[in-house]
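Remarks on the structure that follows.
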Amino acid sequence: MDNRILQTKRDIIEAGHLLSQKKLIARTWGNISARISENQFLITPSGRPYRTLTEHDIVTVNISDLSYQGDVRPSSEAGVHAELYRLRPDAGAVIHTHQNMASAISVSPDGLQIDNADYQALLGDVVPCTAYGMPGTKKLRTAVKDAAVRYPDSRAFLLPKHGTVIESADLDTAFAAAKALECAAEKKYRHIVKDEFPDSQQEKSGPPEKARKLCAVIRRVCGVKYIMYADSEAVTAFSKKGIKLKPWLDDLSQIAGVNIGCFDLSDSRSLIRELRHKNAVFIKGYGAVCTGSTPEDASAVKMILEKGCMAALYGMHVSGARPLSMPDAFLQRFIYQHKYSKKAYADKNL
Ligand SMILES: [Zn+2]
C-alpha cells in the first residue's frame, strides 16, 4: 500500500477515536473522510465501532459514482461526503458529527450566524441548516448539495434534527471547525434557553432513595440488565415539565424511543409499562431512567437522552422548530432496533 494512503488511513482512525473521546458522536455514528486524489477519498466503514478499526476497514470511494474498493462497505453517508468533495475542490477532509449543542439548535431551520473572526475563518459567516432528509438517504445527500451550492462560503452545515457536516482543508482543521461550531452553538443555545436552568449551580445528590428502589423493581420486573440514571441539568429541567419527550432528533427516536413518557415517582406501574417499548422514562421532577442490554447500550441511551432534552428545550423556545414527523420517527426506531438486534446476534455467533 502507498505510504501516503496508509498514513491517511491511520489519520482517519485516530480522528475516529477523537470523535468518540470528544463526545462528538455516540456508538458508530458520525463518519470521517479524507481526499486522496481529484476523484477519490478514504472514509470510515458502515456501522463499525471506532475502537476496533484497522487500516483494512477504511474504504476507498470514487467521488463521481460512489463505487468503492474491497469488501468493506463505506459509511452510509459517503454520498454526502462525495457531494462536498465534488463541489469544493479545496476540501481535503469531511467530518459528520452528532455533537450536542449544534444538534440541539438544528431543530430550528434558522442556521447559525458566526460573529467571531477566528470562527469565521473555519466555518464561514453563516452555518446554514439544510433541508431535512433521513440519515443515509439520497434526500439528505441532495439537501446538503443544495445548501452547499446556495452558501458557497459556508464550510459547515447543520443537518436538521441530526447533527453537522463540515468540510475543511485537512482533518485537524475540520476538528478545529467542529469545536468552533460547538462553542458558537452553545452561546446561542444558552442565550435562548437560559430561563430553563435557574438552579444549574446546585449540587447533584443523585437519584432519591425512592427512585433507587424503583430501579431495582424495574430490573426485576422488566428483565432489564443495565439501568442508568440521567439527571443532567437538561434532563432534570425537562422532567419538571411532566410532558412527553417528542422525537426532536433522529438518534433520540432510534435509540431511546418515540414520545418518551413522564410519570410521578409514585406511579411505578406506568413507569414500568413505558419501559416495555422504550429505553427511557422520565420521573417527574427527578430526571430519567435509561435502560440497555449492555452497559454501553444504557450509557448511549443516557447520552442521547440528554442531547434530546437539550434539543426539546431549545425547540420549545424558538418559533419554526418542529420535531420529526411521527412516520419518520417510528420508521427510524424500527430500522434501528431491527438492524441492531440482528448485528448483536451476528456478533454473538462469531
Ligand atoms: Zn449521522
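The values are calculated or read from the model by the stated rules, or taken from the named source; none is laboratory data. As the structure is a prediction and not an experimental result, all values here were calculated from the model. For neighbour counting, all protein chains shown are included, and Cβ atoms are generated from backbone atoms with ideal geometry for every residue, glycine included. We work out accessible area using only protein heavy atoms, side chains counted, and drop any ligands, DNA or RNA first. Shrake-Rupley method; radii C 1.70, N 1.55, O 1.52, S 1.80 Å.
The residue of the range 18-62 that is surrounded by the fewest Cβ atoms within 10 Å (Cβ to Cβ), among those that are aliphatic (A, V, I, L, M) and within 16 Å of the ligand (Cβ to nearest atom), is Ala26. Of Ala82, Ala93, all but one fail to be more than 16 Å from the ligand (Cβ to nearest atom), assigned by TED's automatic domain parsing to the domain that holds His162 and touching a residue at least 12 places away in the same chain (Cβ under 8 Å); the exception is Ala93.
Does Leu271 count as open to solvent by 20 Å² or more (accessible area, probe 1.4 Å), over 20 Å from His98 (Cα atoms) and not assigned by TED's automatic domain parsing to the domain that holds Arg48? Here the answer is no, as Leu271 does not meet what is asked. Scanning the range 327-347 for residues that are over 18 Å from the mean Cα position of the chain (by Cα), open to solvent by less than 70 Å² (accessible area, probe 1.4 Å) and at pLDDT 90 or above yields a count of 0. Restricting the search to the range 274-305, which residues are under 16 Å from the mean Cα position of the chain (by Cα) and surrounded by 21 or more Cβ atoms within 10 Å (Cβ to Cβ)? If the condition is that a residue be under 16 Å from the mean Cα position of the chain (by Cα) and surrounded by 21 or more Cβ atoms within 10 Å (Cβ to Cβ), then Ala298, Ala300, Val301, Lys302, Met303, Ile304, Leu305 are the ones that fit. Screening Leu313 on (1) assigned to a helix (DSSP H, G or I); (2) within 16 Å of the ligand (Cβ to nearest atom); (3) among the hydrophobic types (A, V, I, L, M, F, W, C) shows it passes everything except condition (2). Do the conditions hold for Gly70, that is, is it within 15 Å of the ligand (Cβ to nearest atom) and not basic (Lys, Arg)? No. Counting the residues of the range 221-238 that are under 11 Å from Val301 (Cβ atoms), buried (at least 20 other Cβ atoms within 10 Å of the Cβ) and touching a Gly at 6+ places or on another chain (Cβ under 7 Å) gives 1. Would you confirm whether any residue within the range 102-110 is within 16 Å of the ligand (Cβ to nearest atom), touching a Pro at 6+ places or on another chain (Cβ under 9 Å) and closer than 25 Å to Leu18 by Cβ? Within the range 102-110 (the criterion being within 16 Å of the ligand (Cβ to nearest atom), touching a Pro at 6+ places or on another chain (Cβ under 9 Å) and closer than 25 Å to Leu18 by Cβ), the answer is yes, since at least one residue qualifies. Taken over the range 62-96, the criterion of being of a type outside the set (A, V, I, L, M, F, W, C) and either closer than 19 Å to Gly163 by Cα or not in a loop (DSSP other than H, G, I, E, B) (or both) is satisfied by Asn62, Tyr68, Pro74, Ser75, Ser76, Glu77, Gly79, His81, Glu83, Tyr85, Arg86, His96. Per the listing Asp65, Asp71, Asp115, the residue uniquely within 20 Å of Leu6 (Cα to Cα), open to solvent by 10 Å² or more (accessible area, probe 1.4 Å) and either out of contact with any strand residue (DSSP E or B) (no Cβ under 8 Å at 6 or more places or on another chain) or of a type in the set (A, V, I, L, M) (or both) is Asp71.
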